[in-house]
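The block underneath contains the structure these notes are about, expressed in structure tokens.
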Amino acid sequence: MKRIAKSSIAVRRLAQVVPVMVLATLVVFGLMHIVPGDPAVVLAGDQATGERIEEIRQLYGFDQPFLIQYWNWLSDAMRGDLSQSLLSSESVSVLIAQNFPNTLLVVVYAMVISLVIGVPLGIAAAIRAGSAADAAVGALSSVGVAMPNFWLGMILVSFFALSLGWFPATGAGSITEDFPEAIWRGTLPAVALAAGGIAEISRQVRSALLEVLSSQFVRTLRAKGLSSRTILWKHGLKNISVTLLTVTGLLFNRLLGGTVVVEAIFAYPGMGNLIVRAAINKDFPVVQGVVLSMVVVVVLTNLIIDILCGLIDPRVSQK
Amino acid sequence: MSLSVPQVRGQQKSLPAFLSRFLKDPKALIATTYLLLLILLSVLAPWIAPYSPTDQNFAEALAEPSTAHLFGTDDLGRDVLSRLIYGAGYSLYASFLAVSIATLIGAPLGLLAGFLGSWVDTVISRIIDTLLSFPGIVLAIGVTGALGIGLTHGMVAVGLVFSPIMARLARAQTLVVKNELYVDAARSFGASTWRLLYRHILPNAVQPLIVQITLLLAMALLAEASLSFLGLGVQPPDPSWGGMLARAYIYMDLVPAQMYAPGIAILLTALAFNALGESLRVYLDPTMKGL
């Protein structure tokens, strides 16, 4: 019985993902069509001849109805063909395959830092709610949320790379060939990115834990004579695990966005530098490819997290 | 026939009473004062700033702070303090523009979805889900690239990206309010949908939206700084805090001190918007009562 219920949640969630994916791909494809003027003229560049414009129009199918163009683009994309960069003529899929692993490394790294530091801070603040330590964590997280991550990156470079020389200021290591080096070079970008994550996680853990600790059942456990320690570790943390998972999912999305700016500081060869260069140079196939691959990763991550939440907490699956 | 808006959700006292209570909160007082000063500074910039923000003077490029240039000069010999003062105006304009767009698009859609329900709600909710799945700044960069690079296009893009946040909140609030007795009463008196939304639902759902608007101002400010830093927002030679950081970064080993002032300005302003939002939430958001 139980197994059937669980697999049906997964199926239902999958069914919800389909319309989101269709809409998301429409948005990504639509990016090309909010370009003021004739997209073929824009894509062809400033010094293009009429022939070149016509060639581009044919190549990208701008002479066809919107939905046909969308369908052609989508079916190509699903086969992994995201067209070519207008700047370098490289395949967009290849560019993404080269850059996405570097970005994911920094994002996952930053997520681990956020959790490892943010969760204990949030717990400490919640069990001593109202104390000076709680106020300190609160102040720290206010600053963490308001801190421009690229500015923190600059400060980190100034101290740890230029003054102390502990870390390289720019570049990335090869993940496949030298993983420790890749981690080493990803450290400063990940720390710059994690400040906001630590703030967010500690804040959410604090409020979720406070809510659990002030609930009826915890009061009953207290009355039963359970020690605060047992209540916290056995009941408190178990009950915030769903919140923690949900927040982690949202954080993943935010870090993926944040890395775009942080990569610029560290000249880090990732998706951020790819899309910024492409946006400045009107290299739309690359812009679309980056946005598309990021949204696909986010939607899939959210799907996995939703299913995990359902597995951990039966109340979620009953909704 | 006229039905007055009932005071069901309480705490809707007169504005002076609200202000006097609100400003007793030291955090709110500091944040409000800071933001008012910043607005004043940006309006009075032509009279306050010691120099023009764009005048170049290569003889004095990259000068250390001195009495003539309190914050030094940048690589083109422009006065850093003056650029900082003028930059405030661009940042505030950008934040308010983006948040206005987010509110004007998001709030009505959320109200409609929550109020009408059925397929309208399903469609709008799916759109909200979809837009929230994009990493915000990435989509904003994509839209800016498509519309053409520049501050206004950038902030239109940020506003579009933020609109689902407003829509989701407005929808949730509407769902709560629309089942209140006074809405049923108004409906049974024959109030039109428009009148129900405008006279009864919106005034009672608006308080959490005001809190969210304040918090979004901080996010919009950070987004503007990021876009300007990347060269996709305020365009040179116009001054912006993010753009100043980008230049300071290039010359970081020559004049490392120049990266602090614009960064602190961004941090303080974002902190002030957030502090204002948090304080407003205590007074305005009914779900926060008793916390």
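A:ASP283's amide H: which non-local residues (gap 5+, or another chain) put their own amide H closer than 5 Å, with H modeled 1.01 Å from N in plane and none for Pro or chain starts?
Residues meeting the amide H criterion: none.
Return the average number of partner chain Cβ atoms within 10 angstrom of each residue Cβ along peptide A:253-265. Don't jump to the answer; show the numbers that get you there.
Numbers: counts 6, 3, 1, 5, 11, 6, 3, 8, 10, 1, 1, 6, 4.
The shielding value for this peptide is 5.
Could you work out which residue, out of B:LEU132, B:LEU15, B:LEU84, moves most in a Gaussian network model of chain B, that is, has the largest mean-square fluctuation with Cα springs under 10 Å?
Of B:LEU132, B:LEU15, B:LEU84, the most mobile in the Gaussian network model is B:LEU15.
Order these by the 10 Å Cβ neighbour count, fewest first: B:LYS178, B:LYS27, A:LYS282. Please report the intermediate quantities before stating the final value.
Values: B:LYS178 21, B:LYS27 15, A:LYS282 18.
Fewest-to-most Cβ neighbours within 10 Å comes out as B:LYS27, A:LYS282, B:LYS178.
Which residues' amide hydrogens lie under 5 Å from the amide hydrogen of A:GLN84, considering only partners 5 or more residues apart or on another chain, with H built in the peptide plane?
Residues meeting the criterion, in which the H sits 1.01 Å from N, are A:VAL92.
Of B:LEU268, B:LEU37, A:LEU221, how do they rank once you tally other Cβ atoms within 10 Å and put the fewest first? Mind dumping the intermediate values first?
On the way: B:LEU268 15, B:LEU37 12, A:LEU221 18.
Least crowded to most crowded, the residues run B:LEU37, B:LEU268, A:LEU221.
If one takes the longest principal axis of the Cα atoms in chain A, at what angle in degrees, from 0 to 90 and to the nearest 10, does the Cα axis of helix A:92-127 lie?
20 degrees
Take the alpha carbon gyration tensor of region A:2-77, find the square roots of its eigenvalues, order them as a ≥ b ≥ c, and report rounded if a/c is under 1.5; if not, report prolate when a/b exceeds b/c, else oblate. List each step's numbers first, then the result.
Numbers: a/c = 4.81, a/b = 3.67, b/c = 1.31.
Prolate, because a/c is 1.5 or more and a/b exceeds b/c.
Can you give the calculated 222 nm mean residue ellipticity of chain B, where each DSSP H run of n ≥ 4 adds -39,500 (n - 2.57) and the sum is split over every residue, rounded to the nearest 500 deg cm²/dmol? List each step's numbers first, then the result.
Values: 11 runs with 193 residues, N = 291.
That comes out to -22500 deg cm²/dmol.
With θ set to phi - 60°, apply the Karplus curve 6.51 cos²θ - 1.76 cosθ + 1.60 along region B:258-273 and write out the HN-Hα couplings as whole Hz, x wherever there is a Gly or Pro.
Taking θ as phi minus 60°, the curve returns 5, 7, 7, 4, x, x, 5, 4, 5, 4, 5, 5, 5, 4, 5, 4 Hz for region B:258-273.
Compare A:GLY138, A:GLY186, A:GLY61 in a GNM of chain A, Cα atoms joined below 10 Å, and give the one with the largest fluctuation.
Evaluated over chain A, the most mobile residue of the options is A:GLY61.
Please work out how much length the chain gains when fully extended from A:LYS238 to A:LYS224, using 0.36 nm per residue of separation minus the C-alpha to C-alpha distance, in nm with one decimal.
Numbers: separation 14, 0.36 × 14 = 5.04 nm, distance 1.88 nm.
Net length gain for the segment: 3.2 nm.
If each residue of separation counts as 0.36 nm, what is the full-extension length gain between A:ALA97 and A:ARG277 once their alpha-carbon separation is subtracted? Intermediate results must be reported in sequence, preceding the final value.
Details: separation 180, 0.36 × 180 = 64.80 nm, distance 1.68 nm.
Here the answer is 63.1 nm.
Kindly count the pairs of lysines across the protein assembly as shown whose alpha carbons are less than 22 Å apart, treating pairs on different chains or eight or more residues apart as eligible.
Lysine pairs satisfying the spacing and distance rule in the protein assembly as shown number 14.
Identify the residues of region A:163-194 with backbone N under 16 Å of a label point that sits 7 angstrom from the Cα of B:ASP253 along the Cα-to-Cβ direction, or state none.
From region A:163-194, the list is A:163-171.
What is the spin-label model distance, in nm, from A:GLU181 to B:LYS24 if the labels are put 7 Å beyond Cα along the C-beta direction?
According to this spin-label approximation, the distance is 6.4 nm.
With a/c under 1.5 counting as rounded, go ahead and sort chain A into rounded, prolate or oblate using the C-alpha gyration tensor (a ≥ b ≥ c being the square roots of the eigenvalues; past the cut-off, prolate if a/b is larger than b/c, else oblate).
Verdict is oblate for chain A.
For A:148-159, what's the mean count of beta carbons from other chains sitting within 10 Å of each residue's beta carbon?
Working: counts 14, 2, 11, 16, 2, 1, 10, 4, 0, 3, 6, 1.
Taking all residues of A:148-159 together, the mean is 6.
Just B:VAL123, B:VAL176, B:VAL80 to compare: in a GNM of chain B, with alpha carbon springs under 10 Å, which one fluctuates most?
B:VAL123
Full-extension gain between B:TYR198 and B:ALA59, please, as 0.36 nm times their residue separation minus the C-alpha to C-alpha distance.
Fully extending the segment from B:TYR198 to B:ALA59 adds 44.0 nm.
How would the protein assembly as shown be classified by its alpha-carbon gyration tensor: rounded, prolate or oblate, with rounded meaning a/c under 1.5 and the a/b versus b/c comparison settling the rest?
Working: a/c = 1.31, a/b = 1.17, b/c = 1.13.
Rounded shape, in that the Cα axes give a/c under 1.5.
Using only alpha carbon pairs under 8 Å that are at least six residues apart, calculate the relative contact order of region A:2-77 and give it in whole percent.
Working: 22 pairs, mean separation 17.5, N = 76.
About 23 percent, as a whole number.
Amide H to amide H under 5 Å from B:ASN57: which residues, 5+ apart in sequence or cross-chain, H placed 1.01 Å off N in plane?
B:GLY77, B:ARG78
Given points 7 Å out from each Cα along the Cα-Cβ axis, report the A:ALA132 to B:ILE48 separation in nanometres with one decimal.
If labels sit at A:ALA132 and B:ILE48, their model points lie 3.6 nm apart.
Under a point-charge model restricted to the Cβ atoms of Lys and Arg (+1) and Asp and Glu (-1), what is the dipole moment magnitude of the protein assembly as shown relative to its Cα centre, in debye to the nearest 20? List each step's numbers first, then the result.
Details: 40 positive and 35 negative charges, 739 e Å.
My answer is approximately 3540 debye.
Pop a pseudo-label 7 angstrom from the Cα along the beta-carbon direction at both A:ASP46 and B:LEU104 and give the gap in nm to one decimal.
3.2 nm
Read-outs throughout are calculated quantities, based only on the coordinates presented, and are distinct from any laboratory measurement. None of the values given here were measured: they were computed from a predicted structure. As a convention, Cβ positions derive from the backbone with ideal geometry for all residues, glycine included, and neighbour counts pool all protein chains shown.
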